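Below you'll find the structure, written out as structure tokens, and then a few comments.
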Amino acid sequence: MGRSDAQRSPAQLFALVFGAVLTLAGILGFFITTSFSTGDDLPRETLILFDVNGWHNIVHLASGALGLAVFRNYRASRSYALGLGAVYVLVVILGFIAGDGGEILGLLPINTEDNILHILIAAAGIGAGLATPAEPAPTTSTATA
């Protein structure tokens with residue numbers, strides 16, 4: 001049986017919330033642009049303040065879907081939170097190297113607003129993962145006759 005919202009770990013809440021938000025961002029991004037161009041032809045469309053393209057949307061969809069797939073599992077959600085946080089630390093580093101208006105790996109357009117958001121996602125993921133003990137607390141239940 002799954003845990004209620006009050007019983008979910010910080011990592012499970014992170015996986016649920018960020019999974020939903022990233023999935024939604026990926027879907028909405030395709031209403032902005034469906035271009036999968038790369039390199040010099042890399043498109044620069046924005047969703048609110050953030051640069052997006054087809055590849056960026058796929059990354060959001062995949063990382064969001066993974067969060068939604070694991071949020072019910074205590075250990076998997078902790079791994080997701082720590083893993084996504086670590087990946088976003090790398091993305092932040094690459095984003096700052098690329099600079100405002102740059103691109104990551106010739107695929108993903110990046111701007112300062114993206115970098116700031118990525119710092120927040122990295123901190124939230126690592127924080128939620130570290131706030132969640134490796135093993136869930138034992139539960140006690142009383143059976144009524």
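The values are calculated or read from the model by the stated rules, or taken from the named source; none is laboratory data. The shown structure was predicted, so the numbers you read here are calculated from the model rather than taken from an experiment. In this analysis, Cβ positions are derived from the backbone assuming ideal geometry, glycine residues included, and neighbour counts consider all displayed protein chains.
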Exercise. Give the residues of the range 107-116 that are part of a helix (DSSP H, G or I) and crowded, with 19+ Cβ neighbours inside 10 Å, sorted by residue number.
Key: 114, 115
Exercise. Go through the range 1-29 and count every residue that is assigned to a helix (DSSP H, G or I) and at pLDDT below 90.
Key: 4
Quiz item: Going by the conditions given, is residue 49 on the phi < 0 side of the Ramachandran plot and exposed (fewer than 14 other Cβ atoms within 10 Å of the Cβ)?
Solution: yes
Quiz item: In the range 95-106, what residues are of a type in the set (Gly, Ala, Ser) and part of a loop (DSSP other than H, G, I, E, B)?
Solution: 99, 101, 106
